[in-house]
Amino acid sequence: MLQKLNKRLIVSCQPCVGGPMDTPSIIAAMAQASIAGGAAGVRIEGVVNVQTVRAVVDRPIIGIVKVDLAESPVRITPFIQNINDLVSAGADIVAVDATNRPRPETVAAAMETIKSLGILSMADCSCLEDGIKARKLGADILGTTMSGYTTEEVPESPDLELVSELAKLGSFVIAEGRYNSPDVAASAILAGADSVVVGSAITRTEVVTGWFRDAITFDGTVS
């Protein structure tokens, strides 16, 4: 599975929540289009979406479930039941938030469950310490997914330093988070990443449209 993803692109097919493209059939079409364009795998949120994508895609699927909790800032696959549901839906890899924050169930329990189900685990990390802990708990993949998202202000650039730090641990590393251009994605591979996840720049039309809107002023000049 990891050989299939090595030095390859993974597309996160997560349209804007509640937007016109946020339906299982369109997400499945996004996944198919991404594979047709050369992606080696996809990252999909939601059990129904994973199931729908699995029916039309034979490449690796990283599955997650996002849950908004009043008692915890952790959103990505916070419950063991989420893991069971994702595996039943056809996920090949399950990603979980591996940050050191209050959570309903432990990262250790999540990793143990994923291993018992015979698939690969991805730890979405915010810092090197998260990666070190997740690796000790048996995570198969370390991702930079949460870097910049555990503080109030989200930086514009991706965390290439964290990519390099995680790569030195010897685990399979997936760079994720704000890789919004081909050049920046390539820089992650040079920094030591084994794969790169790109999401908004490919599958969130509203976001990309906003980038162009903001760059062009009404007087005809380009900022």
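A short reminder: the numbers here are calculations on the coordinates, not readings from a lab. Source: prediction; values computed, not measured. Every residue, glycine among them, receives a Cβ derived from its backbone with ideal geometry; neighbour counts consider all protein chains shown.
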Problem set entry | Top of Ile141, Ile174, Ile80 by mean-square fluctuation, Gaussian network on the chain, Cα under 10 Å | Ile80
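Subtracting the Cα-Cα distance from 0.36 nm times the residue separation, let me have the gained length for Lys115 to Asn84 in nm, one decimal.
Values: separation 31, 0.36 × 31 = 11.16 nm, distance 1.13 nm.
Result for the pair: 10.0 nm of gain on full extension.
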Seminar exercise, completed: If one builds a Gaussian network model of the chain from Cα atoms under 10 Å apart, the most fluctuating residue listed among Ser116, Ser126, Ser187 is Ser116
Problem set entry | GNM top mover of Gly19, Gly210, Gly192 - the chain, alpha-carbon springs below 10 Å | Gly210
Exercise. Spin-label point model (7 Å from Cα, Cβ direction): what's the Ala29 to Glu206 distance in nm?
Worked result: 1.8 nm
Exercise. At q = 0.15 Å⁻¹, what is the log10 ratio I(q)/I(0) for the chain, with the Debye formula run over Cα points and no solvent?
Worked result: -0.96
For this session: Report the equivalent ellipsoid semi-axes for region 1-91 in whole Å, largest first, defined as the square roots of five times the eigenvalues of the gyration tensor built from alpha carbon atoms.
Result: 22, 16, 12
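What number does region 36-156 give for Rg over Rh if you use C-alpha atoms and the Kirkwood radius? Spell out each step's value before the answer.
Values: Rg = 14.0 Å, Rh = 14.5 Å.
Rg divided by Rh gives 0.96.
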For this session: Report the extension gain between Leu190 and Val48 in nm, rounded to one decimal, defined as 0.36 nm multiplied by the number of residues separating them, less their alpha carbon distance.
Result: 47.6 nm
For this session: State, to one decimal in nm, how far the label point of Val56 lies from the label point of Asp22, with both points 7 Å from Cα in the Cβ direction.
Result: 2.0 nm
Exercise. Along region 95-112, what does the Karplus equation 6.51 cos²θ - 1.76 cosθ + 1.60 (θ = phi - 60°) give for ³J(HN,Hα), rounded to whole Hz, x for Gly and Pro?
Worked result: 9, 10, 5, 10, 6, 8, 9, x, 8, x, 9, 6, 5, 4, 5, 5, 4, 5
